[in-house]
Amino acid sequence: MIPGMVRYLSLLLIGILMGSGAANMVIGDQVDYLTMANKNLQDQLAEREYQLQKLNDAFRQKNTRVITTVEAYLSADSMEGLTEYDQLSLQLEANKKIKEWLSPLVGQDVNSIDGLLIPRIVDDRILQAEGNKYRIKTHLVIINEKISLYIKATILKKDSRE
């Protein structure tokens, strides 16, 4: 009777271990996605605090139209062949870097910004996201209180993890 119980107990233990391993695999993707979303929200919060400080400084100095934010959008054809996680990672990295490069423009007078300056700052830069390297190029720059920058990312080196 005891040897039979040991066998059933060991099968139960193996089943529990396999079930927990499968659950970890399923939940792992969700954790990765939520981690990226959390990082995105933290970056947005830091950016908003920086923008608020710049705006307060600008409004104290003068009452003119000033640049309040910088937003970057990746064009749809730059996402071909990428997984959803790679796309999100590239979008987050591009937004972060472009906002970092153009942060000195926040708080400046809209009329004093040279429209040709922004593509010279951004074009032909190399971004690295999830082991892949991308060259970015601007397609359209809209300057108002918000600088909207439409870019295309071309993959240079694909990581061979697959």
Looking only at residues in region 85-127 that are modelled with pLDDT of 85 or more, within 23 Å of Leu52 (Cβ to Cβ) and loosely packed, with under 13 Cβ neighbours inside 10 Å, which one is nearest to the chain's Cα centre (by Cα)?
Glu100
Taking Lys146 as the residue in question, decide whether it is surrounded by 16 or more Cβ atoms within 10 Å (Cβ to Cβ), of a type outside the set (A, V, I, L, M, F, W, C), touching a residue at least 12 places away in the same chain (Cβ under 8 Å) and out of contact with any Pro (no Cβ under 9 Å at 6 or more places or on another chain).
no
Quick check on Tyr8: is it part of a helix (DSSP H, G or I) and aromatic (Phe, Trp, Tyr)?
yes
Does Asn111 satisfy the condition of being closer than 26 Å to Lys133 by Cα and among the polar types (S, T, N, Q)?
no
Scanning region 34-53 residue by residue, those within 13 Å of Ser89 (Cβ to Cβ) and surrounded by 11 or more Cβ atoms within 10 Å (Cβ to Cβ) turn out to be Met36, Ala37, Lys39, Asn40, Asp43
Need pairs with beta-carbon distance below 7 Å; first residue surrounded by 10 or more Cβ atoms within 10 Å (Cβ to Cβ) and modelled with pLDDT under 90 and within region 1-19, second part of a helix (DSSP H, G or I) and among the β-branched types (Val, Ile, Thr); sequence gap 6+ or separate chains.
none
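The values are calculated or read from the model by the stated rules, or taken from the named source; none is laboratory data. Computed from a prediction, not measured in an experiment: that's the story for all the values here. Ideal geometry is used to build each Cβ from the backbone, glycine not excepted, and the neighbour counts take in all protein chains shown.
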